[in-house]
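Written below as structure tokens is the structure these notes are about.
The values are calculated or read from the model by the stated rules, or taken from the named source; none is laboratory data. Remember, predicted model here, so these are calculated numbers, not experimental data. Don't worry about glycine lacking a Cβ; one is built from the backbone with ideal geometry, like all the others, and counts go over all protein chains shown.
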Amino acid sequence: MTTRGEVYIGSILLEKSRWSRDKTPTYRVSEWAGRFADAGFDGMELWEYHATLCDEDERRALEASPCPVAIFNSYASMDESGADARAKAVELTKRLGASGVKFNVGRDPDARQTYVDTVREWGAQFPDDVRLLCECHPGTVIEEPAEARRFFDDVGGDRWQVIVHALSRPERLGEWFDLFGDAVSHVHAQLTREKEYVRLERWPERVEETLRILSGNGFGGTYTLEFTEGTHTDGETIEALWENGVRDLAYLRKQLA
């Protein structure tokens with residue numbers, strides 16, 4: 001069930017290997033889950049590899065986490081090569097009790113029908129109360145709102161929901177709401193200025209404008225703090241990212257109040 005205004009921490013926010021080739025995690029999420037809860041996050045969006053490239057003890061700890069796994073962040077491809085990863089995403093979404101699963105489709109226009117068929121078949125494997133959240137990412141065949149609308153019309157059904165990078169392109173938000181209405185249900189929150197990630201408080205005009213647009217379109221969804229100041233810098237440290245993430249949470253809560 002979607003709860004208006006819930007804010008999650010993306011476990012990827014603290015992960016230095018987020019864009020590495022092998023994706024080997026550099027920290028155990030379970031060891032931070034208490035801090036996530038104490039800081040006031042409503043849950044976490046769990047980076048797939050924090051649950052797949054770990055031992056069984058870690059998976060058991062994630063099941064018992066004081067900060068619940070709200071969204072399982074899957075990177076499974078929607079073609080034949082992704083069959084095992086898609087099956088694992090279904091398994092872990094159920095096991096960890098996630099109320100949502102995030103997914104992407106690919107970038108090959110010639111494979112569009114494959115993506116349609118695969119998304120339809122895969123989505124049917126999740127419990128009815130799991131949110132099916134598509135990140136209509138730049139570089140994929142559905143980065144444009146109209147293309148995404150046609151895609152999900154072809155997939156069929158009414159369970160599909162959309163993730164927007166609202167702070168990155170607030171001027172395009174109206175198009176998503178025009179075509180998807182309240183199926184726009186989740187925001188990946190990250191803020192860049194002059195090609196660097198910055199804390200939300202450093203650009204209040206952008207944040208306030210974006211939240212006005214979301215509110216004006218009746219947005220009743222959730223947020224994940226995905227990246228923050230210090231991400232992908234030479235001096236990146238997990239503690240500095242954490243401190244910035246907590247400051248972003250406090251600032252966003254204030255704006256949403």
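Points worth noting:
- GLU58 falls short of the stated requirement of being surrounded by 15 or more Cβ atoms within 10 Å (Cβ to Cβ) and either among the β-branched types (Val, Ile, Thr) or within 23 Å of GLY5 (Cβ to Cβ) (or both).
- Scanning segment 41-54 for residues that are farther than 15 Å from ALA250 by Cβ, of a type outside the set (A, V, I, L, M) and surrounded by fewer than 23 Cβ atoms within 10 Å (Cβ to Cβ) returns GLU48, TYR49, THR52, CYS54.
- A single member of PRO109, PRO66 is surrounded by fewer than 21 Cβ atoms within 10 Å (Cβ to Cβ) and either closer than 22 Å to TYR223 by Cβ or β-branched (Val, Ile, Thr) (or both), and it is PRO66.
- Identity of the residue in segment 1-40, basic (Lys, Arg) and out of contact with any helix residue (DSSP H, G or I) (no Cβ under 8 Å at 6 or more places or on another chain), that ends up surrounded by the most Cβ atoms within 10 Å (Cβ to Cβ): ARG4
- Matching entry among ARG169, ARG131 (being surrounded by 14 or more Cβ atoms within 10 Å (Cβ to Cβ) and among the basic types (Lys, Arg)): ARG131
- Segment 206-231, residues that are among the polar types (S, T, N, Q) and within 19 Å of the chain's Cα centre (by Cα): THR210, THR222, THR224, THR228, THR231
- Flag if GLY174 is assigned to a loop (DSSP other than H, G, I, E, B), surrounded by fewer than 16 Cβ atoms within 10 Å (Cβ to Cβ) and in contact (Cβ under 8 Å) with a residue 12 or more places away in the chain: no
- Applying the set (1) free of Cβ contacts under 8 Å to residues at least 24 places away in the same chain; (2) of a type outside the set (A, V, I, L, M); (3) farther than 23 Å from GLU194 by Cβ; (4) outside any helix (DSSP H, G or I) to GLY220 leaves exactly one unmet item: (1).
- Test: residue in segment 109-120 that is of a type in the set (Gly, Ala, Ser) and part of a helix (DSSP H, G or I): yes
- In the set (1) at pLDDT below 95; (2) farther than 23 Å from ALA183 by Cβ, the condition left unmet by SER65 is number (1).
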